[in-house]
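Heads up: the structure comes next, in C-alpha cells.
The values are calculated or read from the model by the stated rules, or taken from the named source; none is laboratory data. Just so it is clear, the model here is predicted, and its values are computed rather than measured. Note that we place each Cβ from the backbone using ideal geometry, even for glycine, and neighbour counts take in every protein chain shown. Just the protein is used for accessible areas: all its heavy atoms, side chains included, with ligands, DNA and RNA removed. Shrake-Rupley method; radii C 1.70, N 1.55, O 1.52, S 1.80 Å.
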Amino acid sequence: MGESETIGGRVALSVDDGVAEVRLDRPEKLNALDPAMFAALIEAGERLIPRKDLRAVVLHGAGRGFCAGLDMQSFAAMAMSRSDGLLGDLVQRTHGIANAPQRAALVWRDLPVPVIAAIHGVAFGGGFQIALGADIRYVAPDARLSILEIKWGLVPDMGGISLMRELARADVVRELAFTGREFAGAEAADYGFATALHADPLEAARAAGRAIALKSPDAVRALKRLFNASADLPMAAALMAESKEQAALIGSPNQVEAVRSGIEKRPGRFSDPP
C-alpha cells in the first residue's frame, strides 16, 4: 500500500511503488495560488528530493482544472501594499537563487527524477509556470492556457521566462506574453509547451510514471542531471558530463541488472540509488 498526506490544506502528496503524486488540492478555487499553496508546493517538492525510493512524480490539479493562477483575493492584498504584501520582498533570495514563488515552480527541476505534469481545464499565469517546471507536460486538447500576467499589469516572475525559452520560439513566447491571450492544448503542442495531447492527461501521466519506475533508477537520475545541466554548459563541458555519468553507470549493479533483465525478458529488480 502507498502512503498519503495533505500538506497545509493545499496539496495532497502520495507515494506508491516509487511514483509520487502531487495534487494541487484547492478545487473550489480552481487551485488558485495563495501563500499557503506556494508553501505547500515547496514543502511537497522538498520532501521528495531526498527520497532514494522515488522513481517519478506526477503533478496535477484536483477538480476542474490544473491551476487558475494567482488567487484574486490574494492579488488584491498584494496590490494594497508593495512592501508588506502577499509575497513579501520578491527581490530577497529566500530559496537559493530564487524567491518563494519561483521555488514553487523550480523545485520540480531539483527533484532527482522526472516530473510529469497532467494539465486539464486551465493553466493560467503562475499555474502555467508551475507546469513549465515539470520535465514532461501531458495536456488535454481542450485545456486553456495563458501567460496571463500582463492582464494584471505584471510579468511572469516564477522562472517562466527562462523555462519558456527552452520550449517555444522567442517570438511566440513574446506574442503570448505581450497579449496574455488564451490558447488551447492543441496550440500548446504546436508551440512546444505540451509534450503530447491526451484526452485523459492524468492517466497518461500515471502510465508514464509507472513505465519510468521500471527503468534503472541510476540511469534515470543521471539523465535528469544531464538535462538540467545541458542548458547552461558549453559543449565541451556537456560532453565531459555525459562521459562521467556513463562511466559511473557501466558495470554498476543496476546497469548489469538492466541488461540481464532485458535478456531474460523480465522486469528489472533494481536497488535504490546510494
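May I ask you to list the residues in the range 222-239 that are under 26 Å from D17 (Cα atoms) and open to solvent by 50 Å² or more (accessible area, probe 1.4 Å)? Answer for the range 222-239, where residues must be under 26 Å from D17 (Cα atoms) and open to solvent by 50 Å² or more (accessible area, probe 1.4 Å): L223, R225, F227, N228. When E166, E242, E175 are checked against the criterion of being touching a residue at least 40 places away in the same chain (Cβ under 8 Å), open to solvent by 40 Å² or more (accessible area, probe 1.4 Å), over 24 Å from P50 (Cβ atoms) and of a type in the set (D, E, K, R), a single residue qualifies: E166.
Consider the range 12-38 and keep the residues that are out of contact with any Leu (no Cβ under 6 Å at 6 or more places or on another chain) and of a type in the set (V, I, T). The one that is surrounded by the most Cβ atoms within 10 Å (Cβ to Cβ) is V19. Do we have A189 as of a type in the set (G, A, S), over 30 Å from V259 (Cα atoms), touching a Gly at 6+ places or on another chain (Cβ under 9 Å) and modelled with pLDDT of 95 or more here? Here the answer is no, as A189 does not meet what is asked. Within the range 111-136, the set of residues being open to solvent by 10 Å² or more (accessible area, probe 1.4 Å), under 17 Å from A184 (Cβ atoms) and out of contact with any Lys or Arg (no Cβ under 6 Å at 6 or more places or on another chain) comprises H120, F124.
Of the residues making up the range 121-144, those that are farther than 30 Å from S216 by Cα and of a type outside the set (A, V, I, L, M) are G121, F124, G125, G126, G127, F128, P141, D142, R144.
Across the range 137-161, the number of residues qualifying as open to solvent by less than 10 Å² (accessible area, probe 1.4 Å), touching a Leu at 6+ places or on another chain (Cβ under 7 Å) and either modelled with pLDDT under 95 or in a strand (DSSP E or B) (or both) comes to 2.
Listed conditions (1) hydrophobic (A, V, I, L, M, F, W, C); (2) part of a loop (DSSP other than H, G, I, E, B); (3) at pLDDT below 95 are all met by V113, apart from (3).
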